[in-house]
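One structure is given here, and the rest of the page talks about it.
The values are calculated or read from the model by the stated rules, or taken from the named source; none is laboratory data. These figures come from a predicted structure and were not determined experimentally. Here Cβ is always computed from backbone atoms with ideal geometry, including for glycine, and neighbour counts include all displayed protein chains.
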């Protein structure tokens, strides 16, 4: 199944998230990530939804999204040039001997050190999803204790 | 003004004629205000009955049906009715009471999340959180329910909003930036469709409920007159084109006519108008219309290319689009095709094995109803065999004369819907063609018809079975009639009498016509006619679920 990125501008009102999410869940689609955020307009929110499915069903979901009264605009960011960002926090096992290596890795990925304890380091990285995937892969050998991604936000390129 | 009065004043502004509903704790303030309302209130005996009655009223009149129910069980009892209206695009505004705002989410007495429960079965819904929004929300609800592709809208009103105070002002206009239905079809697409039709050799029109909703029956008739193209309709489209006309192919689909299904599947251009390619119409999608280019006129873009790939989509209102096409269309040369179709109609008519003794054939009852009402009645149906026979053997010639739960297939719909239809159309005879199973699902509403002296005629095609399921069990499930025999049944005649209605039992074929005549003479109360029909009669033709029209079963194979 293909991965799709759908950006939905909605009225900034209660209940809208449930309406939008409901259209996916009613079809048995698991949303990979969902970011809801403010926009340049106070009364408009944007939802960036990453979901797997097939063309036909996603096409149908987009039409159904458009039918929701609170949805202002649906754009498919899957096959068009966009800028995307995501943030990850990774808590990695870091005995003193391994720390320099982890710091170095963090530097390459422009990570910030969010927290340090006796046994762990928590790093934060922002970037496009590939950048973050690479970072996670390289940290795996040290032992990832906890990991959390925000889900991506996506803007169309000018 | 109190919130409750704002609701009543808003309904007055919407020129509401009837409201259907049932009281309860948190809606007492609204009922207090309703006591002096100038419109009529119909107290049903179950909230489901209220929603179906409002739905029947809406379908018969083309106006918005209005309902009120209390919170909790009142709201959940509305759910089936709302879903029924949603699937068939019926405009309803349903008010539900809700617990006080501060109690929401506390599992308060009679609290359910009504907007949550109804989210997937409404066109839109509201939880009123500020009394200042109340009149705007009602205005929007009526607008949303009745425009574009219509549907039910629910307004959940917390009791402290009903009891609150605010100045009343009803907005003149609605402006919802994200909701702008498109009515006029795209001119280029319309031209393209006309060209395609003009060069077609085997075109067929497939008209659905959208033609009824947009009041486009006249435009459709004119289109047929101009082009000479034969017309088949869906269940909900019955009546948009007169079935008595030689170009009428009547209903298509699972229990459609042989010639409608063959014509559609052998067509080279299929013109879908206000129809949505339901699985009961298409059967096996992969083998549906193998050689046809598809033109699809529909107001809902989400209906286009949903299950069947469309070549010329026209998003717009059927009425506008057909009127536009009528201005420019030229008739295609299709005399060979029409000849082919008339041969099919002659060789494979819609028929049944006439009775060979005194047993009553259910199809005959429907035919007799058609004869005695001159086809001028409004027919409501329940769901199952009764519905299909009513669709097949009564010939519909006008829109809004066949009222049935198509999409959801709700047993128990027909009778309360008939009450609503009779209120909307006091000038017409309203007949509910029912089964002995379905009629028991909302029989409590009989007292409402008695109370309001509505002469709704309930024709029970009583075979002692849940007949459609039994038919499937017979044909596809080894004849194991598991829990479909319901001949342990009430005495429907005594039941009618207990309610103050008239009741007759008809056991012999020759009694059918006189009993109907007698019933049609009664005009001051509902009548139950308990027709004891032959028990194992099946609905044919039948295209088994999920198969292609080629697998059509025309008649009883097992003697």
Do we find that residue A:3 is over 27 Å from residue B:179 (Cα atoms), in a strand (DSSP E or B) and either touching a strand residue (DSSP E or B) at 6+ places or on another chain (Cβ under 7 Å) or more than 14 Å from every other protein chain (Cβ to nearest Cβ) (or both) in this structure?
yes
Do we have any residue at all in the stretch B:319-335 that's exposed (fewer than 15 other Cβ atoms within 10 Å of the Cβ), in contact (Cβ under 8 Å) with a residue 40 or more places away in the chain and under 22 Å from the mean Cα position of the chain (by Cα)?
no
Apart from one, (1) in contact with a helix residue (DSSP H, G or I) (Cβ under 7 Å, 6 or more places away or on another chain); (2) at positive phi all hold for residue B:478; the odd one out is (1)
Strands (runs of 3 or more DSSP E) contained in the stretch B:1-107 and holding at least 1 residues farther than 28 Å from residue B:236 by Cα:
B:40-43, B:92-98
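From the set of residues in the stretch A:48-60 that are more than 9 Å from chain B (Cβ to nearest Cβ) and modelled with pLDDT under 90, which is nearest to the chain's Cα centre (by Cα)?
As a first pass, look at the stretch A:48-60 and keep what is more than 9 Å from chain B (Cβ to nearest Cβ): A:48-55, A:57-58.
When the remaining residues are screened for being modelled with pLDDT under 90, the result is A:52-55, A:57-58.
Working: A:52: 14, A:53: 17, A:54: 20, A:55: 21, A:57: 22, A:58: 19 Å.
Across the stretch A:48-60, the extreme among qualifying residues is A:52.
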Applying the selection to the stretch B:95-128, what residues are facing chain A (nearest Cβ under 10 Å), in contact (Cβ under 8 Å) with a residue 24 or more places away in the chain and surrounded by fewer than 16 Cβ atoms within 10 Å (Cβ to Cβ)?
none
Does the stretch B:532-551 contain at least one residue that is exposed (fewer than 14 other Cβ atoms within 10 Å of the Cβ), assigned by TED's automatic domain parsing to the domain that holds residue B:455, over 25 Å from the mean Cα position of the chain (by Cα) and in a helix (DSSP H, G or I)?
no
Restricting to the stretch B:42-63, count the residues that are touching a helix residue (DSSP H, G or I) at 6+ places or on another chain (Cβ under 6 Å) and surrounded by fewer than 24 Cβ atoms within 10 Å (Cβ to Cβ).
3
State whether the residues of the stretch A:6-25 include one that is in contact (Cβ under 8 Å) with a residue 24 or more places away in the chain, away from chain B (no Cβ under 14 Å) and in contact with a strand residue (DSSP E or B) (Cβ under 6 Å, 6 or more places away or on another chain).
yes
Just need a number here: residues in the stretch A:63-81 that are at the interface with another protein chain (Cβ under 9 Å from one of its Cβ atoms), in contact with a strand residue (DSSP E or B) (Cβ under 7 Å, 6 or more places away or on another chain) and outside any loop (DSSP other than H, G, I, E, B).
4
Scan the stretch B:393-410 residue by residue and report those that are more than 12 Å from the chain's Cα centre (by Cα) and either buried (at least 24 other Cβ atoms within 10 Å of the Cβ) or not in a helix (DSSP H, G or I) (or both).
B:394, B:395, B:396, B:397, B:398
Among the candidates A:97, A:88, residue that is modelled with pLDDT of 95 or more, at negative phi and not assigned by TED's automatic domain parsing to the domain that holds residue A:8:
A:88
Here are B:177, B:136: which of them is without any contact (Cβ under 8 Å) to a residue 60 or more places away in the chain and part of a helix (DSSP H, G or I)?
B:136
Report, by residue number, each residue of the stretch B:276-321 that is touching a strand residue (DSSP E or B) at 6+ places or on another chain (Cβ under 7 Å) and in a helix (DSSP H, G or I).
B:301, B:318, B:321
Given the residues B:378, B:329, B:338, which is the only one that is under 28 Å from residue B:434 (Cα atoms) and at pLDDT 95 or above?
B:378
